[in-house]
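Some notes on the structure that comes next.
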Amino acid sequence: MAWLGLAVGLAVLGTIGGTAGAAPGSPARPGGDAPAAPDNGTYQTLPFSQAWSNTGLITADDDWSAVPGIIGYRGDDLVTTTGADPQTVLADGTTTPVDVIANQANPDTLSTGGVAEFEITNPVVALQGSGTADAPFTLVHFSTAGVCGINVGYAVRDIDGSADNAVQPVALHFRVGASGNFTNVPAAFVADATTGPNQATQVTNVSVALPMSADNQAQVQVRMMTTNAVGNDEWVGIDDISITAGSCQFTPTPTATPIPTPVFLPENTSFNLSDPFDCTAPGDTLEAEVAVANTGAATAFGSELALDFPARLVGVPGTCTFTGGANGTCTIDEIGLRWRGDVPSTAPNNLLTLNFSVRVAGGTVRGTEICATSTFRWAAAGTGPVDRSLDVGACAEVDCLPTVDPNRQLSGQVHLPILDFQGQDDVCRTWIEIQQLGCDPAKAVLVTWGAPGFCPPQAAGPLKVECTGMLVPGASWVMQGAQIPTGAKSGILFKFTARSLSEVGIDLGFDDVVADMMCEELFFGVVGDADDYRRFKKAYNEGLEFRGIPQRLATADGYLAVEVLRHCPGDLTPGAETSGKYNGIAGTHLGAFDPVFGGYAYYVPLVYAAKAGFDTIMYIQNGGLECSSVEIWFKAQDDCLRATICDIATLAPGETFQLDASECVGPDWQGSAWIRTSEPMGVAVDVVGRDLLMTYVGEPAELNYTFDPAKPYFSGGNQVAFGPLIYSEYQGWDTGVQVMNLSPARRAKVKVYFLDRSGDVITTLVDWICERGSQTYFLPVVHDLPGNWVGSVRVESQEWWAPGTTSVSPPNVVGVVTLIKYTDAARTQTAEAVAYNLLPEHKAFDWQVGANAGGLESGVGLIAVPSLLKDLEQQGITSELAIQNVVPKPGFTDFAIYIFDQNGLLDYVCQKLHDRQVEYIDMRTWGYVGPGFKGSAIVSATFWEHEVFDNGGFFLRNLVGLAAVTVERTGTRQGDDIPGDESAASRGIPFSPRGIDEPFAYCFAGPAVAFCPGQPGERPGCPAKLEYAGKGGLIPDDRAGGEMFVAAVPVNFPGVPGQCKVEDVDLFLEIEHDVLQDLDVFLDHAQVRSEMFTDICGFEANVLTTLDDDALAPITTMCPPIDDGHYQTESGTGLNRFDGIDPKGPWTLMIDDDFESTIGTGEVVGWKLVLTIGEAP
């Protein structure tokens, strides 16, 4: 319909008191303003008028409540320059302060800008711009419902007779409704409403028609605006406002007869992707369904539904079927799908449903979201050209958990069950080799205990506290000699950041290095005080405060990899020394609480009691917070019926109790042990005798309430385990593999493969293992020939049958390898021996074709070696390293051995291993490393080629799987025997960086990615730009608990190779906070902490902006900064400080609310770091 305006002329001039253009000094106008409701925001009916002779309408500053339909606004920051044309200032403005300076008598002397009421001879409301009131205006609200031809009239009066003489323009704007920008009315513009100086006589009458868009509207607003002029502004009165209208007539618009058309709406379409499994992994077949419905009145002829599969989805040819539609055909291949046909408007064929299958592309990593979009096209008229389209999409996420997770055995807190003692005697000398697996510099604090005693409160507490020096990524620190106090039987290492308190967001009123302060607090606080130690350990475990320091902020990122090397006296030869070592115990190696039966449980696979000249001593350390009882069940090998029970009455936190198995069982006894406790424990085991010392660690027991070995509640084992090192039987070595069945309810059938260094089978052995029992598999010594032949071992727990029953799933197993060298095949004289724990699948490789995306999701590609020595001349120790590629699929793996001295990275050496091969490295033969070298290493896979396809030739994944054993030889080189036992071994410590949630991200990699000879591809270059979204959270008020808001995003290698540098940094911030002047905001990276802004914008609220030092203006020019624009940091250089440095490592946002207030609270909604990257020179 249309509204036709009639010039009826409904102005009620009698309500306008006085004559337009009255000069100062004229007598007051008779009469008064028409009475009106006191609601100044009410939309007034027309005609409407307002003059200002009634001075009782405005009696107080900023109070318009008695003025009908009119409000004045100050217009702050609507423009930011002087002399702006008000015709161009069209933004809303109603969020600026409501303004009127009431009861003023002299415009010549009032210098405050804005809106003012002057009770002069001819009273008036006037406008004047200023540095604060950038664009003051009066806003009139009225309704034009049912009327047309809107006319607005008013008088613009120069009332300022002072010496000021500015160009003072006045513009008229209008809008329909109460929001959005205004529209300028050009015909109403007054270019300069004043004369002067010392004149106040000019009156400009304005009368204009509003556009037709203002007709017949429930809400219309007009405003009269001036702007801050160049020079001193003058007061301009807006008087005698009159708004009038004509009437309207309705002319009906003829209604055309509708033409039937097909209709397809988004709400009548759907696309679903479903996986038949619990999670989605590469190679999975997803069932897809797309549906569209025609809700119109005509058939859509010649329609098409098209779907081009994204890179991570592969179509399955021949799987497309459909219902509905007519005359349709559907084709699908690996790259896309097409359906063509007609879609009727009548049920049931108006609903077109397509079903088809797609596969997740091989190698798709966990966390990848795969989205597909189908497009349906049809002719709007039902026939003819296809000119309409509708998109509908669906997503699936690859979310199956990795099957290999070596990080679960790691922590920043590492338990050391035995140090200087052997049995009950303080007779050993000990090295603690501590390697940093994290990006930040850190230090470790060693808390030690003496012999066990009473439970608290009588417990003796820690014996002493010692601290390491600086630990940089990949490097290690060796604690020995005086750093391990006399009488130290056990210890626990705690990792702390070497950053300052201020850097991590802790404010105690002074600054210090976090690790040094914690070392001091523990040295003076917990030594001799079991209760204070308990309070500290609880805080460390749970991230709580200890001595005012939040432990969640004090702990450094990443983990510690720790080995303990002990030298103890031989039992036969006077003066002879034996050696053994074990991995520090952390993470899941401390066991899991049994929620059904209570307590914790552990297994010791190999126990001797006066058997073949050997005895076993178990060292059980309380890793919990409370005193614990300990119960030990001894089970003889091949005895599946009964166990012998021994117990330890009490064990205080941190302390270790040793138990010689011969005190409970024997003589001539061999078997295993099951330990139950009420607190988590760390267990180390010595096998001693015949001048030998073999040390390994106990394994946590399995919790399984489903009787499905593949789905335990908790398990430290798997159905396959790997031993990367055995020595040849032809060089005098006797290999024993002690395998323990983790199931308490089912026997295990276990097969052990003994392999040579190329992976070929030497021999295999198969035997039964009792429930919760163990069995020995021997490759006996043949001869003592010269040479150095090495190999490996693989253990498999296999499914078994029994006549009359169904098949029995193979239980999970763990095990220990013992390697004993004899001088003759009759085993009459021992020379040396080592022991180490087998590596279950979750610490090496998911046997035998991997899982998920392959790579690090189903295999280990990183191994920490805390001690790498070539120092026979001084310390008397040299290292050997066995590395195995445990993947059985044909192919090869390239890896680099990164070598560190105690101060950081030196270099790397490339190696290549084919499937199942073992490389044995004797540091003594490496001229590349000089004599006297003391350091550490990280083994890192750099390229692998072990591809897996399904039976149809579909690529699934590429595999990697490395395992290692480290050997340390004391006093001699390999092959030269001396009295005692010169060798000690433990498994290399596997770890894995995966995604931004993992704390250690290849920070050790140095200036560039290792690129080994012949490796396909090109050396990775620097990405041009990177974006990282950070997590938000509450901002603690007034340094609550000494805390700030602290959140970090890591920039990881290899996505950012080592040769890259920062060229530019932008920081997006979205903060909701009541009082911005409370906030100090910092960005921290690579030991550079830079201020972004502090205490800005007074009591303004919220931030929505991007900090960019290349922007034109600093953030202080926009208060509050909520326009989503780009601004410099407060100093203009806060982000430029990061230019030119290495981008790798954590970038940390820190926000300090430094004033306590009930209103000054808030949170970080989100933040994003944008890095521009370049090549370092």
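Worth a mention:
- Cβ-based charge dipole, the stretch 1025-1175, positive-most Cα from Val1165, Pro1050, Ile1071: Pro1050
- Partner aspartates and glutamates for Lys489 [C-alpha distance under 12 Å; skip if fewer than 8 residues away on the same chain]: Asp420, Asp425, Asp426, Glu655
- Relative contact order (percent, whole number), the chain, Cα cutoff 8 Å, 6+ residue spacing: 7 percent
- From helices alone, the chain scores -1000 deg cm²/dmol at 222 nm; the rule is -39500 (n - 2.57) for each run of n ≥ 4 DSSP H residues, then divide by the residue total.
- Which of Val167, Gly1132, Gly336, positive extreme of dipole for the chain (C-beta unit charges): Gly336
- Overall dimensions of the chain by Cα: Rg and Dmax, Å: 41.1, 135
- Extension gain for the segment Gln902 to Gln874, taken as residue separation times 0.36 nm less the Cα-Cα distance, is 8.5 nm to one decimal.
- Rounded tilt (10° steps) of 514-525 against the dominant C-alpha axis of the chain: 60 degrees
- Spin-label zone in the stretch 638-664 - amide nitrogen under 17 Å from a point set 7 Å from the Cα of Phe454 along the C-beta vector: 649-653, 655
- Three-way shape label, the stretch 850-1006, alpha-carbon gyration tensor, a/c 1.5: prolate
- The Asp61 and Ala1113 beta-carbon pair, evaluated with R₀ = 41 Å, returns a calculated FRET efficiency of approximately 0.80.
- Lysines whose Cα lies under 29 Å from that of Lys1031, excluding same-chain neighbours fewer than 8 positions away: Lys443, Lys495, Lys537, Lys538, Lys1061, Lys1144, Lys1168
- Cross-link reach list, lysines versus Lys635, counting only Cα pairs under 22 Å and skipping chain neighbours closer than eight places: Lys611, Lys749, Lys751
- In the chain, the longest principal axis of the Cα atoms and the axis of helix 530-542 are about 60 degrees apart.
- Residue exposure sequence - Cys371, Cys455 - by fewest surrounding Cβ within 10 Å: Cys371, Cys455
- Shape class for the stretch 39-176: oblate, because the ratio a/c of the largest to smallest gyration tensor axis (alpha-carbon atoms, square roots of eigenvalues) is 1.5 or more and b/c is at least a/b.
- Each residue in Cys1060, Cys640 was given a count of other beta-carbon atoms within 10 angstrom of its own, and listing them fewest first yields Cys640, Cys1060.
- Among 853-862, 107-116, 227-236, the peptide with the highest mean count of other Cβ atoms within 10 Å heads the list, and the full ranking is 853-862, 227-236, 107-116.
- Only the Cβ atoms of Lys and Arg (+1) and of Asp and Glu (-1) were treated as charged; on that basis the dipole of the stretch 1025-1175 about its Cα centre amounts to roughly 700 debye.
- The overall shape of the stretch 446-490 is prolate: from the C-alpha gyration tensor, with semi-axes ordered a ≥ b ≥ c, the ratio a/c is 1.5 or greater and a/b exceeds b/c.
- The chymotrypsin sites (Phe, Trp or Tyr not before Pro) found in the stretch 713-803 that occupy coil by DSSP, while having at most 12 further C-beta atoms within 10 Å, are Trp801.
- The stretch 1025-1175: radius of gyration and largest Cα-Cα distance (Dmax), Å: 15.0, 49
- Ascending count of other beta-carbon atoms within 10 Å, so fewest first, for Lys489, Lys538, Lys581, Lys889: Lys538, Lys889, Lys489, Lys581
Values in this text are rule-based calculations from the coordinates and carry no lab data. Nothing here was measured: the structure is a model prediction, and the numbers come from that model. Glycine also receives a Cβ, built like all others from the backbone with ideal geometry; neighbour counts cover every protein chain displayed.
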